[in-house]
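Participant: Please find one structure pasted underneath; my questions will follow.
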Amino acid sequence: MDAPEPSPSSMVTIGRILKPFGVHGEVRIESLSDVPGRFEGLETVTLALPDGRILETLVTSVRQINQGVILGLSAFSTPETAALYRGAWIRIPENQNLPRDTDTYYQFELIGLRVEDAEGHSIGTLEEVLEYPQHHVFVIRNEDREILVPASRRTIAMVDLPHKILRLTSREWWDTTYAL
């Protein structure tokens with residue numbers, strides 16, 4: 001009996017394809033994982049393109065370089081083919097027994113959450129988490145604009161994973177119009 005296909009919600013995003021690398025269709029990726037050796041030992045990954053297309057492919061090689069990780073994937077044999085997948089998210093099935101501290105969340109759990117202000121009004125969707133030396137920054141987008149919010153206990157009032165909501169604290173901690 002075959003294992004059931006993981007649903008999109010049970011997939012973990014571990015990286016993003018940045019660009020082709022070399023002449024054999026390998027790709028340079030941005031790792032979104034803090035697990036050492038995350039890419040070594042992978043047999044298959046799922047690529048999710050921004051337009052919604054999904055592709056499952058075999059991992060043929062993994063190399064560490066100074067600027068990150070180079071992946072060889074069976075779906076790509078030329079740099080031209082690999083270039084078509086620039087920006088694709090690299091996903092693997094979720095491990096349900098992930099270790100965590102109280103009030104700590106993994107990036108893959110937060111990406112896609114609806115973000116609300118302190119009054120419960122929707123301000124957009126958390127689409128990306130940028131990592132900086134001092135702290136992480138949430139990239140929240142809606143149809144009108146992009147909002148950057150520091151990821152800290154001061155700015156986050158509540159995270160409700162079952163209902164897919166992240167509520168921010170008072171605007172004074174994250175809205176730049178209050179700084180003027």
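Participant: Name the residues whose placed amide hydrogens come within less than 5 Å of the amide hydrogen of Phe21, ignoring near sequence neighbours (fewer than 5 apart) on the same chain.
Facilitator: Glu26, Val27, Arg28
Participant: On average, how much accessible surface per residue is there in the chain, in Å², for a 1.4 Å probe, leaving out ligands, DNA and RNA?
Facilitator: On a per-residue basis, the chain sits at 63 Å².
Participant: Could you compute the net charge surrounding Gly22? Neighbours are other residues with a C-beta less than 14 Å from the C-beta of Gly22; K and R count +1, D and E count -1.
Facilitator: +1
Participant: Mind ordering 136-146, 48-58, 75-85, 21-31 by average Cβ neighbours within 10 Å, highest first?
Facilitator: Result, highest mean first: 21-31, 75-85, 136-146, 48-58.
Participant: Moving on to the next point. Each residue of segment 21-26 in order: what ³J(HN,Hα) in whole Hz does its phi give by Karplus 6.51 cos²θ - 1.76 cosθ + 1.60, θ = phi - 60°, with x for Gly and Pro?
Facilitator: Here the 3J(HN,Hα) series is 9, x, 9, 9, x, 6 Hz.
Participant: When only alpha-carbon atoms are used, what values of Rg and Dmax, in angstrom, describe the chain?
Facilitator: Calculated on Cα positions, Rg and Dmax stand at 18.0, 62 Å.
Participant: Could you please state how large a percent of the accessible area of segment 64-124 is carbon and sulfur, counting protein chains only and using a 1.4 Å probe?
Facilitator: That fraction is 46 percent.
Participant: I'd like the projected area of segment 6-69, averaged over all directions, using the convex hull of its alpha carbons. Report it in nm² with one decimal.
Facilitator: Average of the hull's projected areas for segment 6-69 equals 5.0 nm².
Participant: Please report how far the C-alpha centroid of segment 98-137 lies from that of segment 36-80, rounded to the nearest whole angstrom.
Facilitator: Cα centres, segment 98-137 to segment 36-80: 25 Å.
Participant: Give me, ordered by chain and number, the residues 5 or more places off Ala75 or on other chains with an amide H under 5 Å from its own placed amide H.
Facilitator: Here the answer is Leu58, since their amide H atoms fall under 5 Å of that of Ala75.
The values are calculated or read from the model by the stated rules, or taken from the named source; none is laboratory data. Since this is a predicted model, take the numbers as computed values, not measurements. FYI the Cβ positions are ideal-geometry reconstructions off the backbone, even for glycines, and counts take in every protein chain you see. Please note that ligands, DNA and RNA were not included when accessible areas were found on the heavy atoms of the full protein model with its side chains. Shrake-Rupley method; radii C 1.70, N 1.55, O 1.52, S 1.80 Å.
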